[in-house]
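Heads up, the thing below is written out as structure tokens.
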Amino acid sequence: MNSNTTEEQVKQKIESLTTLQAGIVFGHEDAWDKLQARLDAKPVRKPLAIFRLAAVAALVLGIITIAIMYLQPKQNTASSDVMATLPNRATNPDVMVSLPNHDIRIGQDHRSITDSFHSQNSISSAPVKPHHIKPSAPHPISPGPQPIVQVPQPTTDLVPPPAPTPGPVMKVVHINELGKEPAPVYEFADKDIPHPHVMFKMKVVHINNLLKPINQDDYLREIQNNTAVHFPLFRRPSDRQPNDQPRTFFRINL
Amino acid sequence: MTEEKAIQGCKKQDRISQKFLYDAYSDGMLMVCVRYVKNLPDAEELMLNGFFSFFRSIDRFVYSGKGSLVAWLKKIMVNECLMFLRKNGTLRLVEEEYAGDIPVDGGSLNNINAGEILKMVTALPDGYRTVFNLFVIEGYGHKEIAAMLGITEGTSKSQLNKGRAILQQLIKQNGCYYEQ
């Protein structure tokens with residue numbers, strides 16, 4: 001092809017061209033000085049790849065650790081040897097509890113707890129019907145170790161978990177211990193009798209027959225199997241069921 | 001000092017040997033860079049970069065007779081220029097279908113001097129000029145050009161043909177008589 005001949009001529013002419021012929025003024029020595037300076041300069045050594053990898057690995061490890069720390073639900077650190085003792089009905093006739101004599105051991109896992117604490121429409125905000133407090137003889141409280149239970153973290157789907165701040169250490173108190181007063185026996189009155197209103201902030205805790213906190217679904221199932229322990233708190237007389245029995249065990253935020 | 005001894009000296013970081021090779025080939029390598037980069041200061045910088053890379057990598061160079069050094073140096077310079085063009089974003093070739101050869105009139109370039117031809121070549125658009133330089137001057141094939149520029153062979157051929165057509169037009173405008 002003729003164009004090849006033309007291109008060969010172009011190639012020959014261009015390759016034979018010098019800077020002088022092309023009219024290019026080139027600072028030959030200045031350029032050499034620059035090049036010499038660059039050659040004299042010590043090459044900057046890049047950090048070894050292994051150090052880079054190690055740094056990246058450490059960074060990733062740190063991120064994962066932090067993520068695990070923040071994402072993991074806070075564990076209840078209550079000591080397993082803390083005990084709350086249910087009143088024994090046999091020894092304390094003032095307290096009506098349907099359980100046999102049990103020692104409640106608060107275990108490590110308190111996730112399955114129905115939290116009514118945040119529910120403003122629950123018991124605490126419900127209108128309290130007047131009831132009659134029938135004084136009775138004070139029941140001596142055994143001077144054993146005070147049961148201390150840490151606030152369990154609610155993990156129900158409906159109630160968002162509170163901020164992971166350490167909750168106040170709550171004391172589980174028997175009703176008979178309140179205010180060093182004579183242990184009252186609560187009876188729901190059908191008539192209005194003047195009395196001081198006492199508002200309690202309470203948490204309803206369902207536990208199974210192994211005294212382990214359970215959630216609402218498990219509770220209902222265990223109720224059917226007759227393996228649950230039930231503490232309906234302050235059920236109003238109008239809501240009472242025929243089989244209901246008054247219970248006096250509840251928890252108070254101090 | 002012979003070329004071979006200069007290369008051996010360069011491998012020992014001998015500055016006199018380096019200067020010898022620089023003096024011998026700096027002009028030619030600057031012309032290589034000028035063909036790819038229009039701007040003379042850029043071409044000078046690229047030429048220096050090329051020599052720097054050459055002296056740093058000279059341990060890998062095996063001297064195999066006269067011409068091997070020039071070929072090695074040219075390759076380095078071309079790579080430097082292509083990297084520069086890519087970095088500046090001037091070498092963005094749109095993929096094209098190869099539409100066949102454009103008929104190019106053959107003729108004699110006797111009436112045109114080399115400087116004028118260089119000006120015509122450097123007047124081509126970046127893509128055409130690069131492919132034209134690589135194909136016509138350096139002697140690479142379309143497959144190699146496609147790999148170097150990250151384009152298809154068809155695009156390389158198309159760019160070359162368009163560059164040829166423009167160059168032909170420019171040569172005609174310069175009063176060159178074309179033989180049929």
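Remark: pairs (first residue in segment B:47-67, within 11 Å of chain A (Cβ to nearest Cβ) and hydroxyl-bearing (Ser, Thr, Tyr); second residue outside any helix (DSSP H, G or I) and surrounded by 15 or more Cβ atoms within 10 Å (Cβ to Cβ); Cβ separation under 8 Å; 6+ apart in sequence or on different chains) are absent.
For A:Ile68, the criteria (1) loosely packed, with under 10 Cβ neighbours inside 10 Å; (2) more than 14 Å from chain B (Cβ to nearest Cβ); (3) modelled with pLDDT under 85 hold in every case but one, which is (3).
Scanning segment B:1-25 for residues that are under 20 Å from A:Glu29 (Cα atoms) and of a type outside the set (A, V, I, L, M, F, W, C) yields a total of 9.
The values are calculated or read from the model by the stated rules, or taken from the named source; none is laboratory data. Being a predicted model, the structure only gives us computed values, none of them experimental. Don't worry about glycine lacking a Cβ; one is built from the backbone with ideal geometry, like all the others, and counts go over all protein chains shown.
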